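A.B. asks: Okay, here's the structure, questions in a sec.
The values are calculated or read from the model by the stated rules, or taken from the named source; none is laboratory data. Just so we're clear, the structure is a prediction, and the values are computed from it rather than from any experiment. Methodologically, a virtual Cβ is constructed for each residue, glycine included, from the backbone with ideal geometry; neighbour enumeration extends over all protein chains shown.
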Amino acid sequence: MKTSAAEDSYKENMTRKNIVRVTDVTKDFDLGKIVVHVLKGIDLEIETGHYISIMGPSGSGKSTLFNMIGGLDKPTSGKVFIDEVDIAQLDAYELAWLRCRKIGYIFQTFNLIPVMTALENITLPMTFAGSTGDAATEKGMELLDLVGLEGRHSHRPSELSGGQQQRVAVARALANDPSIILADEPTGNLDLNTGEDIITLLKKLSSDRRVTVISATHDYKMLNVSDKVIWIRDGKIEKIQNREELDITTGGVAKTSGGDI
Amino acid sequence: MERLAGLPLKISLGIALKSIRVRFFRSLITTFSLVLAVAFLSFTHISDDTAQSLLSLGDSNILSTLSSLGYDIDSAADSITASPKQRWIVFLSLLVCVVGIINAQLMSVTERFREIGTMKCLGALDSFVVKIFLIEAGLQGLAGSIAGTVLGGLASLAMALMRFGTTIFTSLSWPAVFESILIAVLIGTSLSLLGALYPALVAARMQPVEAMRVEQ
């Protein structure tokens, strides 16, 4: 990813560094009789504060790569660095710390804990991080305000709409001020408008809080807000497009989106 | 890289309680087999206690009633012994109960796969997941055992009252009854924990990536 154009546009930010670095990662799944090579050598660098979309058809290895970046899966060969730490070297406690403090997860199916209220869902990661009581509650309420759900703190997930649930999930992902937000098809279960709201919210968080947002997606609405789009095909990176290149091709993309979706 | 510390028991207890409260009806059904098994256990124990205390009165009428009820009276040792058949039935009922608990808890783990995976993504340690399941099982076991013991004990006393009249209250040795109650509650709670152990380990070993999977 030696893109001088991108470097120019972020020149003002001297402290810029790579939050995620993936070097020559392969992943095989052993299915007994056959071994499926899902990732065939991926090199990738993701800079702090960027909004990254990983695009690709189903079965392209997109989700596998995404899980690898999130520390949810380990590569067969190659290395994944998060904040310059090789995640293969971490033990269970360190991995849990990483998932708790460094990464916020957003799921396609929202995955709120059904037995807990919105506020309790948001403060759960804080509880895992060891902070409880009034400070956690106060921060949870602030996050609820931030995602536009004032007054919904005592609602259970079943009492909230899909879009509202995903907002709670976004607030939960932010609970421990992570450096990375990993969003797996965050708009996959939402209608068009609600999906757009969530994308706008994520983009706002990314630029306001300098959180790196990495999302795996099929959703072409994501392209408009992405700083970089990584296209995966057949276990390899097909191309990486920067914001500038994207603006030029938006017309073409819009056309395909009409046909594909 | 820093390491995540475990959670204090108080917080795990709070989360477990919440989970039981929300699934109260389900928990009730799961606990019911334990209630019945423990009721049977405490019924036989306390019946033995009553018979033993009546025996010590040395009344020949009572003695003949007791033997007609099927108690093995060891006249030399002057004591009542539980028959092997009786012990087997109690043992089998407890065994069936443990298998029932394992089954119910495994179902509960499958049902909560996504919840557990999500918690692991949010930074839950394996030990936390095990703790949650064991605390839930322990609380259910304790409540179920107490309910069962009370049920079995009352039934046993009521039957003795019907057969022998109020004599039982003067002769009954309360420390022995108390001991039987304690044993029944302890056995019930331990069985509940035992039944939940394997399902809890299954839950804890689950990979967080499971939470990402979409199955509908």
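A.B. asks: Go through the range A:44-148 and tell me which strands (runs of 3 or more DSSP E), entirely inside it, have 3 or more residues that are in contact with a Pro (Cβ under 6 Å, 6 or more places away or on another chain) and closer than 26 Å to residue B:204 by Cα.
C.D. replies: Values: elements: A:51-55, A:77-82, A:103-106.
Output list reads A:103-106.
A.B. asks: Quick test of your reading of the structure: residue B:211 fulfils all but one of (1) surrounded by fewer than 21 Cβ atoms within 10 Å (Cβ to Cβ); (2) touching a Phe, Trp or Tyr at 6+ places or on another chain (Cβ under 7 Å); (3) of a type in the set (Gly, Ala, Ser); (4) modelled with pLDDT under 90. Name the failing condition by number.
C.D. replies: Just one mismatch for residue B:211, condition (1).
A.B. asks: Give me a count of the residues in the range A:95-124 that are among the hydrophobic types (A, V, I, L, M, F, W, C) and within 23 Å of residue B:1 (Cβ to Cβ). Before the answer, list the steps.
C.D. replies: At the first step, the residues of the range A:95-124 found to be among the hydrophobic types (A, V, I, L, M, F, W, C) are A:95-98, A:100, A:103, A:106-107, A:110, A:112-113, A:115-116, A:118-119, A:122, A:124.
Then keep just the ones that are within 23 Å of residue B:1 (Cβ to Cβ); that gives A:95-98, A:100, A:103, A:124.
Residues flagged as among the hydrophobic types (A, V, I, L, M, F, W, C) and within 23 Å of residue B:1 (Cβ to Cβ) within the range A:95-124 amount to 7.
A.B. asks: Hey, does the range A:67-79 have a residue that's touching a Leu at 6+ places or on another chain (Cβ under 9 Å), over 20 Å from residue B:120 (Cα atoms), hydroxyl-bearing (Ser, Thr, Tyr) and surrounded by fewer than 23 Cβ atoms within 10 Å (Cβ to Cβ)?
C.D. replies: yes
A.B. asks: For residue A:146, which of the numbered conditions (1) of a type outside the set (Ser, Thr, Tyr); (2) within 14 Å of another protein chain (Cβ to nearest Cβ); (3) surrounded by 15 or more Cβ atoms within 10 Å (Cβ to Cβ) fails to hold?
C.D. replies: Going through (1) of a type outside the set (Ser, Thr, Tyr); (2) within 14 Å of another protein chain (Cβ to nearest Cβ); (3) surrounded by 15 or more Cβ atoms within 10 Å (Cβ to Cβ) one by one, residue A:146 breaks only (2).
A.B. asks: May I pose another question? Determine the pairs where a residue that is of a type in the set (Lys, Arg), located within the range B:125-141, has a partner that is surrounded by fewer than 23 Cβ atoms within 10 Å (Cβ to Cβ) and modelled with pLDDT under 95 with Cβ atoms under 6 Å apart, the partner being 6 or more residues away or on another chain.
C.D. replies: These pairs meet every condition: B:131/B:12.
A.B. asks: Could you tell me which of the residues B:149, B:166 is surrounded by fewer than 19 Cβ atoms within 10 Å (Cβ to Cβ) and either of a type in the set (Ser, Thr, Tyr) or over 21 Å from residue B:101 (Cα atoms) (or both)? Reasoning before the result, please.
C.D. replies: Numbers: B:149 fails: surrounded by fewer than 19 Cβ atoms within 10 Å (Cβ to Cβ).
One residue alone meets the criteria, B:166.
A.B. asks: Right, another one. Give the range A:93-113 a look and list any residue that's at the interface with chain B (Cβ under 7 Å from one of its Cβ atoms) and not hydrophobic (A, V, I, L, M, F, W, C), or say none.
C.D. replies: If the condition is that a residue be at the interface with chain B (Cβ under 7 Å from one of its Cβ atoms) and not hydrophobic (A, V, I, L, M, F, W, C), then A:93, A:94, A:99, A:105, A:108, A:109, A:111 are the ones that fit.
A.B. asks: Still on this structure: Within the range B:91-123, can you find the residues that are within 14 Å of chain A (Cβ to nearest Cβ), of a type outside the set (S, T, N, Q) and touching a residue at least 12 places away in the same chain (Cβ under 8 Å)? Steps first, answer last, please.
C.D. replies: Kept after step one, since they are within 14 Å of chain A (Cβ to nearest Cβ), are these residues of the range B:91-123: B:108, B:111-123.
Of the ones still in play, those that are also of a type outside the set (S, T, N, Q) are B:111-117, B:119-123.
Matches in the range B:91-123: B:112, B:113, B:114, B:116, B:117, B:120, B:121, B:123.
A.B. asks: Sticking with this one: Among the residues of the range B:99-115, count how many are within 27 Å of residue A:90 (Cα to Cα) and either among the aromatic types (Phe, Trp, Tyr) or crowded, with 23+ Cβ neighbours inside 10 Å (or both).
C.D. replies: Residues flagged as within 27 Å of residue A:90 (Cα to Cα) and either among the aromatic types (Phe, Trp, Tyr) or crowded, with 23+ Cβ neighbours inside 10 Å (or both) within the range B:99-115 amount to 1.
A.B. asks: Kindly establish whether residue B:13 is within 17 Å of the chain's Cα centre (by Cα) and part of a helix (DSSP H, G or I).
C.D. replies: Values: within 17 Å of the chain's Cα centre (by Cα): no; part of a helix (DSSP H, G or I): yes.
No: the conditions fail for residue B:13.
A.B. asks: Now for a separate question. Is the range B:198-209 home to any residue that is among the polar types (S, T, N, Q), at negative phi and more than 14 Å from every other protein chain (Cβ to nearest Cβ)?
C.D. replies: Pass one, the range B:198-209, residues among the polar types (S, T, N, Q): B:207.
Subsequent filtering for residues that are at negative phi retains B:207.
Right, trim to more than 14 Å from every other protein chain (Cβ to nearest Cβ) and you get none.
Taking every residue of the range B:198-209 in turn, none turns out to be among the polar types (S, T, N, Q), at negative phi and more than 14 Å from every other protein chain (Cβ to nearest Cβ).
A.B. asks: Another one. Return the only residue of A:168, A:213 being modelled with pLDDT of 90 or more, in a strand (DSSP E or B) and crowded, with 17+ Cβ neighbours inside 10 Å. So that I can check it myself, show each step before the final result.
C.D. replies: Numbers: A:168 fails: in a strand (DSSP E or B).
The match here is A:213.
A.B. asks: For the condition within 17 Å of residue A:67 (Cα to Cα), charged (D, E, K, R) and crowded, with 19+ Cβ neighbours inside 10 Å, what is the one hit in A:184, A:227, A:219?
C.D. replies: Details: A:227 fails: within 17 Å of residue A:67 (Cα to Cα); A:219 fails: within 17 Å of residue A:67 (Cα to Cα).
The match here is A:184.
A.B. asks: Moving on. Tell me, yes or no, whether the range B:22-32 has at least one residue that is within 14 Å of chain A (Cβ to nearest Cβ), under 30 Å from residue A:94 (Cα atoms) and not in a helix (DSSP H, G or I).
C.D. replies: First pass over the range B:22-32, keeping only residues within 14 Å of chain A (Cβ to nearest Cβ): B:22-27.
From what's left, under 30 Å from residue A:94 (Cα atoms): none.
No, that holds for no residue.
A.B. asks: Next question, about the same structure. Name the pairs whose Cβ atoms lie under 8 Å apart, with the first residue in the range B:1-24 and small (Gly, Ala, Ser), the second assigned to a helix (DSSP H, G or I) and surrounded by fewer than 18 Cβ atoms within 10 Å (Cβ to Cβ), and 6 or more positions between them or separate chains?
C.D. replies: Here the result reads B:6/B:127, each pair linking the range B:1-24 to a residue that is assigned to a helix (DSSP H, G or I) and surrounded by fewer than 18 Cβ atoms within 10 Å (Cβ to Cβ).
A.B. asks: Could you grab the pairs with beta carbons closer than 8 Å, sequence gap of 6+ or different chains, first residue in the range B:66-90 and outside any helix (DSSP H, G or I), second one modelled with pLDDT under 80 and loosely packed, with under 10 Cβ neighbours inside 10 Å?
C.D. replies: Final answer for the pair search is B:83/B:70.
A.B. asks: Would you check which residues across the range A:125-143 are closer than 23 Å to residue B:9 by Cβ and at pLDDT 90 or above and list them?
C.D. replies: Quick first cut of the range A:125-143, residues closer than 23 Å to residue B:9 by Cβ only: A:125-137, A:140.
Of everything in the range A:125-143, those that are closer than 23 Å to residue B:9 by Cβ and at pLDDT 90 or above turn out to be A:125, A:126, A:127, A:128, A:129, A:134, A:135, A:136, A:137, A:140.
A.B. asks: Also, quick follow-up: Of the residues A:54, A:34, which is among the β-branched types (Val, Ile, Thr) and surrounded by 18 or more Cβ atoms within 10 Å (Cβ to Cβ)? Steps first, answer last, please.
C.D. replies: Working: A:34 fails: surrounded by 18 or more Cβ atoms within 10 Å (Cβ to Cβ).
A:54 is the lone residue from the list that is among the β-branched types (Val, Ile, Thr) and surrounded by 18 or more Cβ atoms within 10 Å (Cβ to Cβ).
To keep it simple, each residue is scored yes or no on (1) touching a residue at least 12 places away in the same chain (Cβ under 8 Å); (2) closer than 28 Å to residue A:159 by Cα; (3) β-branched (Val, Ile, Thr); (4) touching a strand residue (DSSP E or B) at 6+ places or on another chain (Cβ under 8 Å).
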residue: A:84; (1), (2), (3), (4): yes, no, no, yes
residue: A:106; (1), (2), (3), (4): yes, yes, yes, yes
residue: A:110; (1), (2), (3), (4): yes, yes, no, no
residue: A:119; (1), (2), (3), (4): yes, yes, no, no
residue: A:132; (1), (2), (3), (4): no, yes, yes, no
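A.B. asks: Same structure, new question: Name the residues in the range B:75-89 that are surrounded by 13 or more Cβ atoms within 10 Å (Cβ to Cβ) and either modelled with pLDDT of 90 or more or aromatic (Phe, Trp, Tyr) (or both), would you?
C.D. replies: Going through the range B:75-89, the residues surrounded by 13 or more Cβ atoms within 10 Å (Cβ to Cβ) turn out to be B:79-82, B:86, B:89.
The one that is surrounded by 13 or more Cβ atoms within 10 Å (Cβ to Cβ) and either modelled with pLDDT of 90 or more or aromatic (Phe, Trp, Tyr) (or both): B:89.
A.B. asks: Only residues that are closer than 16 Å to residue A:108 by Cβ and among the small types (Gly, Ala, Ser): list them for the range A:175-231, please.
C.D. replies: A:183, A:188, A:195, A:215, A:216, listed by residue number.
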